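Following: one structure in structure tokens, then a few remarks.
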Ligand SMILES: [Zn+2]
């Protein structure tokens, strides 16, 4: 996730040498356990990185069923066409697997989906009827990080073809997206991931329209996100896993993982994640020969003793989004500096133990998500101004000791950057460092009973619809008392983010009677996705549609007063209002910028006159906190 400096680039040539070392290691390994010895070479240094990992081999596989990664000893990852072909072969060869597509990319590629289950539960309704848990596993949202694709294909093969991983589909439906960012996946180069150690070539982080899909979950700008949301709304999976590769410091672990754990997560969902993922899946993955850690983002890569700073992914991230749909979202981040093989096998192990745990006990997952849905639904039926739903969080300075499996490192002053830089060595060093992982609520709101969105904000309504929110449409204009917000201190970011110019502001509550035109949209919070509605429509939520720029035009002054007109108006206003004169003179005396800006001095009067546009900086969306009497028409 973070962009890291200070790492030597590994060229294609060097990666080839590394692979050669790996093939040799394979030859010399006997039996099922392979001592992991990784050789990383650069033009200026040779370092041998030895860890105490000894991952279990993936069980033996007939030649025709080897994945591309396995056939090349994890030097390479397959392209889109080959991945689709392998996926279709799995479908043709096994009744346990079906290949489908769930939409089209920007360039028109089919978005592939493999469904794995026993019996006839290949449709959501059938899966629900059978009481099966549905797990959505996703790879290549960042197409330069293909570990999950090669791990998932091997795992489905071992479940369905070689049957060397029996029992993993019991009580389950697995939805596997081998390549989510298909267009980025085909922008192939050895140079797409400067920090990453293989495979030889990989795809690109964003779509071909330069959208990072892992920031698009709320604003849903891309056809990929819209297709994903449709898939999610259709299946309503019970668990989500997203497969990535880190950036960041060097350390011993080959695989790290994370899930959100702030106060916005349903208690039952968080309890399940702790009990099953933290206490069972992660230790089982480690027992299979991996080194597993919670996701590691260091405060300073040059001084690991300063500690680890946890992050909370807002709902723009996949694993920040599924929790506001009341579903666990598990982030896997393999370590970029480890070669491809231990990264893929680490992902394979984490995934298979996740399936094993949910297969063994689907009920605890199903109960956790059901409890969260029921609570959300029940809360939505009543308005309580004292009840608060948190939408934004910040880390506290409270730390707990974390036993870190680090590597020795030293820093020296760079004559290139002029700043100290870090060099990581190969010797394992165990150290205890502070882990800052406690969040406090920064912003919380009292959930209303409904939001009302005026019909003319069509892009906003379209996004709400894409998220599958239940909405009602008014048949005629309605006049209604609402709470809303007036924005003050509006500031603009210096550059666009994900193609959008994001404002920052303070939101002041206003109470008004407003008229909403016919076909305006009412969003009740008595629905399972109420947290999505609040995160989109409460302006102060970090991924609100206000923050994403959907309402930017409301921050613009649209009518202009001529200076000579304002001169006359100002004189008339001053003559009739001694308090206004006092206020004006005080501002002249206390604010030098104001005093030296002729236009600002005239604008002072315009803004206090009846000519000023009262709707500028006013949020068009209303919060309704009293029950609505009249029945409303469904769209
Ligand atoms: Zn990633």
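The values are calculated or read from the model by the stated rules, or taken from the named source; none is laboratory data. Keep in mind that this is a model prediction, so the values were computed, not measured. Virtual Cβ from ideal backbone geometry, glycine too; neighbours counted across all protein chains shown.
Would you be able to say whether some residue in the stretch 162-179 is at positive phi, in contact (Cβ under 8 Å) with a residue 24 or more places away in the chain and surrounded by fewer than 18 Cβ atoms within 10 Å (Cβ to Cβ)? The answer is yes; a qualifying residue exists.
Scan 461, 452, 416 and give me the residue that is farther than 29 Å from residue 311 by Cβ and without any contact (Cβ under 8 Å) to a residue 24 or more places away in the chain.
Working: 461 fails: without any contact (Cβ under 8 Å) to a residue 24 or more places away in the chain; 452 fails: without any contact (Cβ under 8 Å) to a residue 24 or more places away in the chain.
Just a single option satisfies the conditions, and that option is 416.
Here residue 214 clears all of (1) more than 14 Å from the ligand (Cβ to nearest atom); (2) modelled with pLDDT of 95 or more except the condition numbered (1).
Just to be sure before I move on: is residue 514 part of a loop (DSSP other than H, G, I, E, B) and under 27 Å from residue 475 (Cβ atoms) in the structure I sent? Step through it out loud before you land on a result.
On the way: part of a loop (DSSP other than H, G, I, E, B): no; under 27 Å from residue 475 (Cβ atoms): yes.
So residue 514 fails the test.
Scanning the stretch 139-185 for residues that are within 15 Å of the ligand (Cβ to nearest atom) and either at pLDDT below 95 or in a loop (DSSP other than H, G, I, E, B) (or both) yields 139, 140, 141, 142, 143, 144, 145, 146, 179, 180, 181.
Here is a check on your reading of the model: is residue 387 outside any helix (DSSP H, G or I) and touching a strand residue (DSSP E or B) at 6+ places or on another chain (Cβ under 7 Å)? Quick ask: steps written out before the conclusion?
Working: outside any helix (DSSP H, G or I): yes; touching a strand residue (DSSP E or B) at 6+ places or on another chain (Cβ under 7 Å): no.
No: the conditions fail for residue 387.
Considering each of 94, 87, 189, 105 in turn, give the residue that is at pLDDT 95 or above, farther than 23 Å from residue 235 by Cα and away from the ligand (no atom under 16 Å from the Cβ).
Unique residue meeting the criteria: 189.
Being in contact with a helix residue (DSSP H, G or I) (Cβ under 9 Å, 6 or more places away or on another chain) and either within 16 Å of the ligand (Cβ to nearest atom) or closer than 25 Å to residue 341 by Cα (or both), is that true of even one residue in the stretch 119-134? Scanning the stretch 119-134 turns up no residue that is in contact with a helix residue (DSSP H, G or I) (Cβ under 9 Å, 6 or more places away or on another chain) and either within 16 Å of the ligand (Cβ to nearest atom) or closer than 25 Å to residue 341 by Cα (or both). Taking each residue of the stretch 132-143 that is within 10 Å of residue 355 (Cα to Cα) and looking for partners that are modelled with pLDDT of 95 or more and within 16 Å of the ligand (Cβ to nearest atom) with beta-carbon atoms closer than 6 Å, six or more apart or interchain, yields nothing.
Whenever a residue of the stretch 205-221 is under 20 Å from residue 108 (Cβ atoms), its partners that are in a helix (DSSP H, G or I) and away from the ligand (no atom under 14 Å from the Cβ), lying with C-beta atoms within less than 6 angstrom and at least six residues away or across chains, give the pairs 207/183; 208/183; 213/224; 216/225; 220/226; 220/463; 220/466. When residue 485 is tested against the conditions (1) over 26 Å from the mean Cα position of the chain (by Cα); (2) in contact (Cβ under 8 Å) with a residue 24 or more places away in the chain; (3) surrounded by fewer than 20 Cβ atoms within 10 Å (Cβ to Cβ), the lone failure is (3).
Are any residues in the stretch 338-359 out of contact with any helix residue (DSSP H, G or I) (no Cβ under 9 Å at 6 or more places or on another chain) and surrounded by fewer than 24 Cβ atoms within 10 Å (Cβ to Cβ), and if so, which ones? Before you say what the answer is, go through the steps one by one.
The initial filter retains those residues of the stretch 338-359 that are out of contact with any helix residue (DSSP H, G or I) (no Cβ under 9 Å at 6 or more places or on another chain), namely 342, 359.
Result: 359, single match.
Wholly within the stretch 239-333, which strands (runs of 3 or more DSSP E) include no fewer than the required count, namely at least 1 residues that are under 13 Å from the mean Cα position of the chain (by Cα) and within 16 Å of the ligand (Cβ to nearest atom)? Break it down stepwise before answering.
Details: elements: 239-245, 255-258, 292-294.
It comes to 239-245, 255-258.
Of all the numbered requirements in (1) within 16 Å of the ligand (Cβ to nearest atom); (2) modelled with pLDDT of 95 or more; (3) part of a loop (DSSP other than H, G, I, E, B), residue 196 misses one, and that requirement is (2).
Against the numbered list (1) under 17 Å from residue 405 (Cα atoms); (2) touching a helix residue (DSSP H, G or I) at 6+ places or on another chain (Cβ under 7 Å); (3) surrounded by 23 or more Cβ atoms within 10 Å (Cβ to Cβ), residue 291 comes up short only at (2).
Checked against (1) in contact with a strand residue (DSSP E or B) (Cβ under 6 Å, 6 or more places away or on another chain); (2) surrounded by fewer than 22 Cβ atoms within 10 Å (Cβ to Cβ); (3) in a loop (DSSP other than H, G, I, E, B), residue 120 meets all criteria but (1).
Scanning the stretch 106-119 for residues that are closer than 21 Å to residue 152 by Cα and in contact (Cβ under 8 Å) with a residue 12 or more places away in the chain returns 109, 110, 111, 112, 113, 114, 115, 116, 117, 118.
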